[in-house]
Amino acid sequence: MRELNLILTGPPGAGKGTQAQRLTKRAGVPQVSTGDMLREAVASGSELGRRVKGILEAGDLVSDEIVIELVKERLARPDAQSGFVLDGFPRTGEQARALDELLAAAGREPVRVVCLEVPEEELIRRIMSRAEGRSDDNEETVRNRLQIYQRDTRPMLEHYGEAVVRLPGTCTMDEIEASIRTALGIS
Ligand code: AMP
């Protein structure tokens, strides 16, 4: 069977996390979220956590070096050998190049890329109304994260060029899931 090596991308608030969870359940591959891994590191008070705490609180990006190493270790684990859904990584051109290289070096299939598209005002509205109220979900931080997305994540999408499958992220969760599965050929 082909590996399901997927990057699920889109601006913060586009619904990547929800869709990643649904796809991983169906395909039996792990969701790999660098945001979750970094938040866990902060919560555990590890050395890494102490280094990245302020960066996460400001909504800035953690260095490429740190996140590339986290992802490299995670994708080498046994449960990721038949595929993975990356959520929140790569976020820069450098991260995308590193991912391509590490998959090629391991003789694995290249990634497929799905980008969920949602207009900016809708994103702000969604993030501000999130029930759990993440500590980095205030309006100033949200605007900063959207700006960073435009500035740093665009080169990542350009890196994959025509291979990026762009889908509207504005319909219902079920409809979005169906459109992703159709695009990827997952039953
Ligand atoms: P997320 O849950 O994906 O929105 O990530 C939360 C925060 O973790 C981001 O605002 C960044 O500070 C950091 N982060 C997560 N993934 C990355 C990444 N691929 N590169 C750099 N920083 C990241």
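Here, each number is a calculation from the coordinates, and none is a lab measurement. Quantities reported herein were computed from a predicted structural model and do not represent experimental measurements. Positions of Cβ are backbone-derived with ideal geometry, glycine not excepted, and every protein chain shown enters the neighbour counts.
A compact globular protein would have a Cα radius of gyration near 2.2 N^0.38 Å; the ratio found for the stretch 79-137 is 1.52. Coupling constants for the stretch 25-40 follow from the phi torsions by the Karplus curve (6.51 cos²θ - 1.76 cosθ + 1.60, θ = phi - 60°), and in residue order they are 4, 5, 8, x, 10, x, 8, 10, 10, 5, x, 4, 4, 5, 5, 5 Hz; glycine and proline get x. The calculated FRET efficiency for Glu101 paired with Glu162, based on their beta-carbon distance and R0 = 25 Å, is about 0.75. What the phi angles of the stretch 167-172 give under the Karplus curve with 6.51, -1.76 and 1.60, with θ = phi - 60°, is a coupling list of 10, x, x, 9, 8, 6 Hz, glycine and proline written as x. Computed from the C-alpha gyration tensor, the three semi-axes of the ellipsoid equivalent to the chain are 24, 21, 16 Å, from longest to shortest.
About its Cα centre, the chain has a charge dipole of approximately 380 debye under the convention of +1 per Lys or Arg Cβ and -1 per Asp or Glu Cβ, with nothing else charged. Between Asp79 and Glu139, the modelled label-to-label distance comes to 4.0 nm, taking each label 7 Å out from Cα in the direction of the beta carbon. Amide H contacts under 5 Å for Leu4: Gly83, Phe84, restricted to partners 5 or more places along the chain or on a different chain, H placed in the peptide plane at 1.01 Å from N. In the chain, a dipole from Cβ-located charges (positive for Lys and Arg, negative for Asp and Glu) runs towards its positive end, and of Val111, Ser187, Ala163 it is Ser187 whose Cα lies farthest in that direction.
Could you compute the FRET efficiency for Arg51 and Arg26, with r as their C-beta to C-beta distance and R0 at 35 Å, rounded to 0.05? Efficiency, from the Cβ-Cβ distance: 0.50. Between Glu65 and Ser187, residue separation times 0.36 nm minus the direct Cα-Cα distance comes to 40.3 nm. Step by step: find N for the stretch 32-85, compute 2.2 N^0.38 Å, then divide the Cα radius of gyration by it. What's the final number? Taking the Cα Rg and dividing by 2.2 N^0.38 Å, one obtains 1.18.
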